[in-house]
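Notes to accompany the following structure.
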Amino acid sequence: MVEKKKITAAITGVAGYVPDYILTNAELEQKINTTDEWIRSRTGIKERHILKGEGLGTSDMGYKAVQLLLEKTNTSPSEIDFLVCATTTPDMQFPATATIICHKTGIVNAASFDLAAACSGFLYALTTAAQFIKTGASKKAIVVGADKMSSIIDYTDRTTCVLFGDGAAAVLLEASVDDENGIVDSILRSDGIGIPYLHMKGGGSVKPASAATIAAKDHYIFQDGQPVFRFAVKKMADVSAEIMEKHHLTGEDVAWLVPHQANKRIIDATARRMGLSTDKVMLNIEKYGNTTAATIPLCLWDWEQQLRKGDKIILAAFGGGFTWGALYLKWAYDTPQQT
Ligand code: UT7
C-alpha cells in the first residue's frame, strides 16, 4: 500500500513595509486635545507611520512588502499561484487590492482576492491559504495583511485618530511534505453583536457616498472603545487558551505569542491568561500603532531573526465584526543571522 504523504502549510519567508512619515504623539498633542501620557498609558502607542502622497493606497504598501518577500526568498513571481490580501481599506471597492498587488509585482499566474475580517483578517487569510496548500490546490501562496488606516480616520476625533497607523506585511506559504513544522491548527470565530460598536457607516451598498454621507462624516471609523475593549480582552484570551488546551500546550511550551496590536492592555491580559512571561510576547504597538490586518505579519517581520525552526507560536487576533481567533504554528526555518 502506498502511504499518503502528509502536506503541511509552512511559512517560508516574511517581509514588511511601513511608510516613511512618522506621526508622533507629540504631533497629535499639537492638533487635538490629547497628551502623550494618555496615549501611552491607555494604549502603549508612541508613534505610527502614515502613507503620504497623492494617489497612493493600500496596494502601494502591499506591493512593496510582496516585492521584498519575493526578492529575499528568491521566488519568481511566476511561481506564485495564490495571493490573498486581508484589508479593511482596499484601494477601491473593486477590483481587489490583491489583484492590484499581483499586477504591480508581475504575478500573473495566481488566484487573487481580498478578505474582509477587519483586525482578524490576517489570521483568516492565513488559515484560508493554508487550506489551499494542504489540499494541493496551491504550491506557493502569499498572504498579505495591509491597511492604509489613515484613509478612514477622522483626525479631529481623538478617540480613534491616536490608535491607528498604516503598514503592510506578507508571508510566503509553501507545502512542506512529511515535516511537522508549519501551520498546525486555527480557531476562527465571529459574532455580529459587535456591529454597533465598530464600523464604518458610509461607502458601502447601504449608504453609498453622497454629499450627505460626507457631511455626516460617515466615511470614517466609528468605534465605541469600551465595549470593544471588554469583548477583546475576554475573547482574545479565551481563544488563545482554547487552542493551547486543545494541543496540550503550557506557557512553558509556547515560544512566542504574536498578538494583534490594538492595545497593550489587551495583549497583557491575553499573555497573563496563557501563562506567558512578557519576554515571549511580540510587541511593536509603540512604533506602528494599530495597522489592522498588518499587525501580526509586521511582528513576524520584526522578530524573524529571533525565530528558530520548531518554535511553537500562537497568533491571536480580535477585531471589528466582532471577529477573533487564534492560530498555532511551528516555525519552519532558521533565519541566517544578519552581519
Ligand atoms: O483593533 C480593533 C479592535 N479595537 C480594539 O481592540 C480597541 C479596544 N478599545 C480600546 O483599546 C480602548 O477602549 C481605547 C484605547 C479606545 C480607549 O481607552 P479607555 O481606557 O477605554 O478610555 P475611554 O474610552 O473610557 O475614555 C476615558 C476618557 C474619556 O474622558 P471622560 O469621559 O472620562 O472625561 C475620554 O473622552 O479618556 C478620554 N479620551 C481621551 N483623552 C485624551 C478618549 N480619547 C482620548 C485621547 N486623549 N486621545
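Numbers below:
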item: Evaluation of residue 116 against (1) in contact (Cβ under 8 Å) with a residue 40 or more places away in the chain; (2) closer than 19 Å to residue 153 by Cα (one fails), failing number; result: (1)
item: Members of segment 5-20 found to be of a type in the set (A, V, I, L, M) and assigned to a strand (DSSP E or B), listed by number; result: 7, 9, 10, 11, 14, 15
item: Matching residues in segment 204-235 - criterion: being exposed (fewer than 15 other Cβ atoms within 10 Å of the Cβ) and farther than 20 Å from residue 263 by Cβ; result: 204, 205, 206, 208, 209, 210, 211, 212, 214, 215, 216, 217
item: Matching residues, segment 261-308, being basic (Lys, Arg) and modelled with pLDDT of 95 or more; result: 264, 265, 280, 287, 308
item: Set 289, 310, 319: member being touching a Lys or Arg at 6+ places or on another chain (Cβ under 7 Å) and either in the same structural domain as residue 45 (by TED's automatic domain parsing) or buried (at least 23 other Cβ atoms within 10 Å of the Cβ) (or both); result: 289
item: Residues of segment 31-71 that turn out to be among the polar types (S, T, N, Q), farther than 19 Å from residue 301 by Cβ and in a helix (DSSP H, G or I), as a count; result: 2
item: Single residue of 195, 152, 142 found to be among the aliphatic types (A, V, I, L, M), touching a residue at least 60 places away in the same chain (Cβ under 8 Å) and under 23 Å from residue 102 (Cβ atoms); result: 142
item: Test: residue 251 is under 25 Å from residue 23 (Cα atoms) and either surrounded by 17 or more Cβ atoms within 10 Å (Cβ to Cβ) or more than 16 Å from the ligand (Cβ to nearest atom) (or both); result: no
item: Residue that is farthest from the ligand (Cβ to nearest atom), among those in segment 124-167 that are among the acidic types (Asp, Glu) and surrounded by fewer than 19 Cβ atoms within 10 Å (Cβ to Cβ); result: 154
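Condition check ((1) within 22 Å of residue 293 (Cα to Cα); (2) within 16 Å of the ligand (Cβ to nearest atom); (3) within 17 Å of the chain's Cα centre (by Cα); (4) exposed (fewer than 13 other Cβ atoms within 10 Å of the Cβ)) across all residues:
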| position | (1), (2), (3), (4) |
| --- | --- |
| 4 | no, no, no, yes |
| 26 | no, yes, no, yes |
| 34 | no, yes, no, no |
| 40 | yes, yes, no, no |
| 49 | yes, no, yes, no |
| 52 | yes, no, no, yes |
| 56 | yes, no, no, no |
| 61 | yes, no, yes, no |
| 78 | no, no, no, yes |
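Yes or no, residue by residue, for (1) more than 20 Å from the chain's Cα centre (by Cα); (2) under 28 Å from residue 281 (Cα atoms):
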| position | (1), (2) |
| --- | --- |
| 200 | no, no |
| 206 | yes, no |
| 212 | yes, no |
| 226 | yes, yes |
| 230 | yes, yes |
| 234 | no, yes |
| 238 | no, yes |
| 245 | yes, yes |
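The values are calculated or read from the model by the stated rules, or taken from the named source; none is laboratory data. None of the values given here were measured: they were computed from a predicted structure. As a convention, Cβ positions derive from the backbone with ideal geometry for all residues, glycine included, and neighbour counts pool all protein chains shown.
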